[in-house]
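**Q** Got a structure for you, questions after.
The values are calculated or read from the model by the stated rules, or taken from the named source; none is laboratory data. What you are looking at is a predicted structure, and each value in this text was computed from that prediction instead of being measured. Here the Cβ positions follow ideal geometry from the backbone for every residue, glycine too, while neighbour counts run over all protein chains shown.
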């Protein structure tokens, strides 16, 4: 068989993808997926493994599911556990044993282990969501859009609702607002308490951008009652209510809820935006505490700027020690620009060590 780097192999792989189902073609797809995983192309590997699972092959299908579970364990716990559960239930011999062992390792780390059976359709759909998230994080919006679009067509209702919501968000990020509006409306129509609420927040953001604030405000009413835990939509809801829709109290309440989220990134985003609102409205004590809490979560997206803002607030009450400590924290947790700014201020304060 030719090397995976050769043009002949790529041609053969293309033909195999177009005619799945034969053992030879399935093995070729598996080989290519293994190579992609070995060189760190996790999303592409998961894509190819999913084709094998989707084909329903009795031996290589569970083996591919095991590979999906291992590949996504750090990126998407839900997809990883579904794939591992499928491999444990449908695989034989070493495949089933390794899958079960991986599920036990997950449980040993304090993560609630999945015990419910996983269907082929669920594994394939969740894997699409997982690879879409990886591509989105790498700023490959086209790859993310294709993956989320695939998930949106899943026969599993929860997967389809999440796929629609993430597809709408990706289209919005890519600047295609008209397509995003159509998809997000479909996600809301699903009636899903979590993903429908997330879609409502994204759709409201588009309406605010179009200066349709009354419609945006109406959309956000049901979103407040939805399940936004663990999502940036929880932060965006508070920001929109307070800054664009004139509901300061509602925005602060939403951000306080986000600030208590179990996901550190969401909590830091809630705390930082809460702090800015409190500072702007005269509550410096509350703002200081929220900035400090956001900084101490050490989330690069928010913690560095929270520490810098904290330093400025502390300096206004002539607390040089507190100011220096805040800049030191910014130098540790911020992005490169924030770190450089903090170090410059530490030099001026005589506190750089």
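**Q** Sort out which residues of the stretch 154-183 are assigned to a loop (DSSP other than H, G, I, E, B) and touching a helix residue (DSSP H, G or I) at 6+ places or on another chain (Cβ under 7 Å), and write them in order of number. Talk me through it step by step, then tell me what you get.
**A** First pass over the stretch 154-183, keeping only residues assigned to a loop (DSSP other than H, G, I, E, B): 154-156, 174-176.
Those that are assigned to a loop (DSSP other than H, G, I, E, B) and touching a helix residue (DSSP H, G or I) at 6+ places or on another chain (Cβ under 7 Å): 154, 155, 156, 174.
**Q** Looking at (1) modelled with pLDDT under 50; (2) in a helix (DSSP H, G or I); (3) touching a helix residue (DSSP H, G or I) at 6+ places or on another chain (Cβ under 9 Å), which is the one condition that is false for residue 37?
**A** (1)
**Q** Which of the residues that make up the stretch 68-84 are buried (at least 24 other Cβ atoms within 10 Å of the Cβ) and assigned to a helix (DSSP H, G or I)?
**A** Those that are buried (at least 24 other Cβ atoms within 10 Å of the Cβ) and assigned to a helix (DSSP H, G or I): 68, 69, 71, 79, 80, 81, 82, 83, 84.
**Q** Here is a further query. Within the stretch 317-333, count every residue that is touching a helix residue (DSSP H, G or I) at 6+ places or on another chain (Cβ under 7 Å) and farther than 18 Å from residue 288 by Cβ.
**A** 1
**Q** I need the full set of residues from the stretch 101-122 which are under 17 Å from residue 60 (Cα atoms) and either in contact with a strand residue (DSSP E or B) (Cβ under 6 Å, 6 or more places away or on another chain) or part of a helix (DSSP H, G or I) (or both), in order please.
**A** Of everything in the stretch 101-122, those that are under 17 Å from residue 60 (Cα atoms) and either in contact with a strand residue (DSSP E or B) (Cβ under 6 Å, 6 or more places away or on another chain) or part of a helix (DSSP H, G or I) (or both) turn out to be 120, 121.
**Q** Among the candidates 295, 326, 331, which residue alone is surrounded by fewer than 24 Cβ atoms within 10 Å (Cβ to Cβ) and within 21 Å of residue 264 (Cβ to Cβ)?
**A** After ruling out the rest, the residue left standing is 331.
**Q** Restricting to the stretch 184-210, what's the tally of residues that are assigned to a loop (DSSP other than H, G, I, E, B) and closer than 18 Å to residue 146 by Cβ?
**A** 0
**Q** Then there is this: State whether one or more residues within the stretch 279-293 are without any contact (Cβ under 8 Å) to a residue 60 or more places away in the chain, under 30 Å from residue 203 (Cβ atoms), in a helix (DSSP H, G or I) and out of contact with any helix residue (DSSP H, G or I) (no Cβ under 6 Å at 6 or more places or on another chain).
**A** yes
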